[in-house]
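The values are calculated or read from the model by the stated rules, or taken from the named source; none is laboratory data. This is a predicted model, so every value here is computed, not measured. Here the Cβ is made from the backbone with ideal geometry for all residues, glycine too, and neighbour counts use every protein chain on show. Side chains are part of the model used for accessible areas, which takes the heavy atoms of the whole protein and leaves out ligands, DNA and RNA. Shrake-Rupley method; radii C 1.70, N 1.55, O 1.52, S 1.80 Å.
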Amino acid sequence: MNNKALFEVSWEVCNKVGGINTVVATKAAVLAKEYKDNHIFIGPDILNEKENIEFIEDTDLFFEWRNQAESLGLKIRLGRWNINSKPMTILVDYTPLFAKKNEIFTDLWQKFKLDSLNGQWDYIEPAMFG
């Protein structure tokens, strides 16, 4: 297990908007027993650097990796999801992609026939994060 990691991506990591948040948080407790700190969540930075009671930032976590990611233009925060098992978490600021929203959705339509014309922000934001 030392060389293996499990990355889990969800719109509802550190973001209580529905029932999936409960499912993911409950599963985290089970996976923490087997993977420990090798289970890392990735979620949206929905508050864009404002305080999020669901997230405990740790600026020392993966310090060199974070600096490298930020040098490539990826805006992220690292820390722990504030649930019982306190899993490592990476929050990603996806909002810079809004400037390319039409290009991204055009590409998704051309490749996969993903219809976004009638999508509201509760569809667009998770899709842009994805």
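Distances between placed amide hydrogens fall under 5 Å for LYS75 paired with ASP93, all partners being 5 or more residues away or on another chain. Basic side chains Lys and Arg get +1 at the Cβ, acidic Asp and Glu get -1 at the Cβ, and with that the dipole of the range 26-89 about its Cα centre reaches some 260 debye. What a 1.4 Å probe finds exposed on the range 6-93 is 56% carbon and sulfur by accessible area, rounded to a whole percent. 3J(HN,Hα) couplings calculated from phi for the range 110-120 with the Karplus curve 6.51 cos²θ - 1.76 cosθ + 1.60 (θ = phi - 60°) are, in sequence order, 5, 7, 10, 6, 6, 7, 10, 4, 9, x, 8 Hz; Gly and Pro show x.
The string of couplings for the range 73-80 from the Karplus curve (6.51, -1.76, 1.60, θ = phi - 60°) is x, 8, 9, 9, 10, 10, x, 10 Hz, one whole number per residue in order, with x for Gly and Pro.
Sparsely packed loop sites in the range 13-59 (the GluC sites (Glu not before Pro) outside DSSP H, G, I, E and B with at most 15 other Cβ atoms within 10 Å) comprise GLU49, GLU51. Three semi-axes describe the equivalent ellipsoid of the range 15-130; taken as square roots of 5 times the Cα gyration tensor eigenvalues and ordered largest first, they are 27, 19, 13 Å.
Based on protein heavy atoms only, the chain ends up with 65 Å² per residue of surface accessible to a 1.4 Å probe. Near ASN84: Cβ cut-off under 13 Å, other residues only, Lys/Arg at +1 and Asp/Glu at -1. The net charge is +3. Residue-wise HN-Hα couplings along the range 22-29, as the Karplus relation 6.51 cos²θ - 1.76 cosθ + 1.60 with θ = phi - 60° gives them from phi, are 5, 4, 5, 5, 5, 5, 4, 4 Hz; Gly and Pro carry x.
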